[in-house]
Amino acid sequence: MRCVIARFPFDFTKSGVMESMKGVKAEEITGASVVIGRRAYPAKQVGQVLTRQDRRDFSADEVLRAMTKLGFTCRSQPRTAAPARGLDP
C-alpha cells in the first residue's frame, strides 16, 4: 500500500512492516503507539525504522494513519491507570 510520510511516498505491506520491526527493541511509550506482533512501539520509532528519516521530519499521526490502513492496532495516547475516586484533599 502506498503511504505518504513527510511528503515522501512509501510502499508498505503488513508483512514487510513486521519484518522490518523484527528484532527492534521497543522504546518507552510516552505518546502514540503501534502494536506490531506482540509488542507496542512508539509511533515515531516505527516511522523512523520504516522510512529511515529523522523523527523530526514527520508526525506520529502520519505513521498512525499508514499503520491503521495496513491493519495494525494503533493508540493515540498511552494507557494510564484510572484516577482514584473519593480521595479529595
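List of remarks:
- Residue pairs whose Cβ atoms lie under 7 Å apart, separated by 6 or more positions or on different chains, with the first residue in the range 42-54 and free of Cβ contacts under 8 Å to residues at least 24 places away in the same chain and over 16 Å from D11 (Cβ atoms) and the second of a type outside the set (A, V, I, L, M) and surrounded by 14 or more Cβ atoms within 10 Å (Cβ to Cβ), are P42/S33; K44/R55; Q48/R55.
- In this structure, V34 qualifies as aliphatic (A, V, I, L, M), farther than 15 Å from V4 by Cα and in a strand (DSSP E or B).
- Condition broken by C3, with the remaining ones in (1) surrounded by 14 or more Cβ atoms within 10 Å (Cβ to Cβ); (2) modelled with pLDDT of 95 or more satisfied: (2)
- Set side by side, the residues K44, K14, K69 differ, and just one is charged (D, E, K, R) and within 9 Å of the chain's Cα centre (by Cα), which is K44.
- Verdict on E28 being more than 21 Å from Q77 (Cβ to Cβ), charged (D, E, K, R) and not in a strand (DSSP E or B): no
The values are calculated or read from the model by the stated rules, or taken from the named source; none is laboratory data. Since the structure is predicted, the reported quantities are computational estimates derived from the model, not experimental observations. Here the Cβ is made from the backbone with ideal geometry for all residues, glycine too, and neighbour counts use every protein chain on show.
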